[in-house]
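The structure under discussion appears below in the form of structure tokens.
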């Protein structure tokens, strides 16, 4: 099964690579590209994610790890402290810092293609669950409103996206693909128009 | 050791919250050395109905001394401030908690993953985990976010488990007749593993009803998502369905003894709305 997914991902990435090549401009047209432009875009995304993790590390070190506790207050306090520290450390952060236009182009192409290949039952499931999608507009450095559910991430899409460290996860809010810090519950970046209308759970 | 725990739980329950409530009759066999547990889903509202269902759990616990509970997600609806943990979990289940019942939660789509740090949920800081009781291995899956890492973990754990019974539980139903329909994407990634590694029974929530399905690819599925919320009239006759209940809230009691799983599903008012016994897949062959 994993091999099949890898193959699907490779096929989708080829298509996404074409999108990148087109997006990177016709001025390069005459050159023979030496490497797949998509790889460079994914590498850049990984570097930006790494940079976030490096920025986060001293913050978690100073606040301390959280061991399982009976104290609900301890969980809340740590999440809030971490969120405040991250927001302060990234006060200048803006949309697109991690989801750059280049990776956004690749991911949007990949996601749209994946959606177009959905079987009818999957499409129906995603449409049926529109009512579960959180109905707010995400912002960078926003604490994800805890009164909204975290929409279930489409299980067959997830393996196609670049892997993330434990600290981060992808989420869907309306048509946005959101990058969320799991423990701090903070939106780190988002990508508009990533999710086709009519999708996902 | 298990027997001592059970004895403690039973004794404590008999002397705590159940003192003013008459015990309920149960038809579960209460065999020596059996694994007995409570199944509840979509419970965390803090509303009156959650307390009423919890009271029935306590009443049944007097006759059917279970030692642990599995929670199928949506453990806390809405905000998750410290007072919400209290109102939506600690208070409704106080008698059970005081009686030593161990709650083992899975995460639902309304749950902040930070719940994994809440000790009484026994997630041990993980979004997914496995634990063993007697001859039963439980697999707690986070069906909200089935990343490749989790699937790899699940396959490894399923393949290495030598337990007689393999029981995964999580939030989203792979099969259901309820309004929102089955999670076919979740099914696409989980079902092949369940079939390959001999899973016997699966418990899920999400839909606020009770359904027991006809075996699908040899696996029994229970949807037990009505421990507080209810979608009245939301299950439908179908060849998929072996039993269903959508007129009131409900929970399930299970006992595994050898190759048999006995169960009773109980409504908020204390009525048994479904019961039966299932055989282990290997034995059914």
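The values are calculated or read from the model by the stated rules, or taken from the named source; none is laboratory data. This one's a predicted model, so the numbers in the text were calculated from it and none came from an experiment. When we count neighbours, we look across all protein chains shown, and the Cβ atoms used for this are built from the backbone with ideal geometry, even at glycine.
General remarks:
- Check on residue B:104, at pLDDT 95 or above, within 14 Å of chain A (Cβ to nearest Cβ), in a strand (DSSP E or B) and closer than 25 Å to residue B:189 by Cα: yes
- Hits in region A:114-157 (condition: at pLDDT 75 or above, farther than 29 Å from residue B:44 by Cβ and facing another protein chain (nearest Cβ under 10 Å)): A:118, A:119, A:120
- The criterion of at least 2 residues that are free of Cβ contacts under 8 Å to residues at least 40 places away in the same chain and closer than 16 Å to residue A:95 by Cα is met by the following strands (runs of 3 or more DSSP E) wholly inside region A:146-201: A:168-173, A:176-181.
Rundown of residues vs (1) surrounded by 22 or more Cβ atoms within 10 Å (Cβ to Cβ); (2) more than 26 Å from residue A:158 (Cα to Cα); (3) within 19 Å of the chain's Cα centre (by Cα), yes/no style:
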residue	(1), (2), (3)
B:133	no, yes, yes
B:140	yes, no, yes
B:195	no, no, no
B:215	no, yes, yes
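- One residue stands out among those in region B:110-124 that are part of a loop (DSSP other than H, G, I, E, B) and surrounded by fewer than 21 Cβ atoms within 10 Å (Cβ to Cβ): the one that is farthest from the other protein chains (Cβ to nearest Cβ), which is B:122.
- Matching residues, region B:157-176, being away from chain A (no Cβ under 13 Å) and under 14 Å from residue B:216 (Cβ atoms): B:168
- Index of the failed condition, residue B:175 passing every other in (1) under 19 Å from residue B:158 (Cβ atoms); (2) touching a strand residue (DSSP E or B) at 6+ places or on another chain (Cβ under 6 Å); (3) surrounded by fewer than 24 Cβ atoms within 10 Å (Cβ to Cβ): (1)
- Extreme residue, nearest to the other protein chains (Cβ to nearest Cβ), among residues of region A:49-64 that are surrounded by fewer than 11 Cβ atoms within 10 Å (Cβ to Cβ) and more than 24 Å from the chain's Cα centre (by Cα): A:64
- Check on residue B:77, closer than 20 Å to residue B:204 by Cβ and at pLDDT below 95: yes
- Taken over region B:11-53, residues that are closer than 26 Å to residue B:80 by Cα and modelled with pLDDT under 95 amount to 1.
- Total residues in region A:162-186 satisfying the condition of being under 8 Å from the mean Cα position of the chain (by Cα) and within 9 Å of another protein chain (Cβ to nearest Cβ): the figure is 3.
Quick grid of which residues meet (1) buried (at least 20 other Cβ atoms within 10 Å of the Cβ); (2) away from chain A (no Cβ under 14 Å); (3) farther than 24 Å from residue A:77 by Cβ:
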site	(1), (2), (3)
B:63	no, yes, yes
B:70	yes, yes, yes
B:87	no, no, no
B:90	no, no, no
B:99	yes, yes, yes
B:146	yes, no, yes
B:149	no, no, yes
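- Hits in region B:177-203 (condition: under 23 Å from residue B:276 (Cα atoms) and touching a residue at least 40 places away in the same chain (Cβ under 8 Å)): B:177, B:178, B:198, B:199, B:200, B:201, B:203
- Filter result for residue B:128 (modelled with pLDDT of 95 or more, over 18 Å from the mean Cα position of the chain (by Cα), within 14 Å of chain A (Cβ to nearest Cβ) and farther than 21 Å from residue B:252 by Cα): no
- Looking only at region A:14-48, and only at residues there that are modelled with pLDDT of 80 or more and farther than 15 Å from residue A:107 by Cα, the one that is surrounded by the fewest Cβ atoms within 10 Å (Cβ to Cβ): A:47
- Hey, residue A:93 in contact with a strand residue (DSSP E or B) (Cβ under 8 Å, 6 or more places away or on another chain), surrounded by 15 or more Cβ atoms within 10 Å (Cβ to Cβ), at pLDDT 90 or above and in a helix (DSSP H, G or I) or not: no
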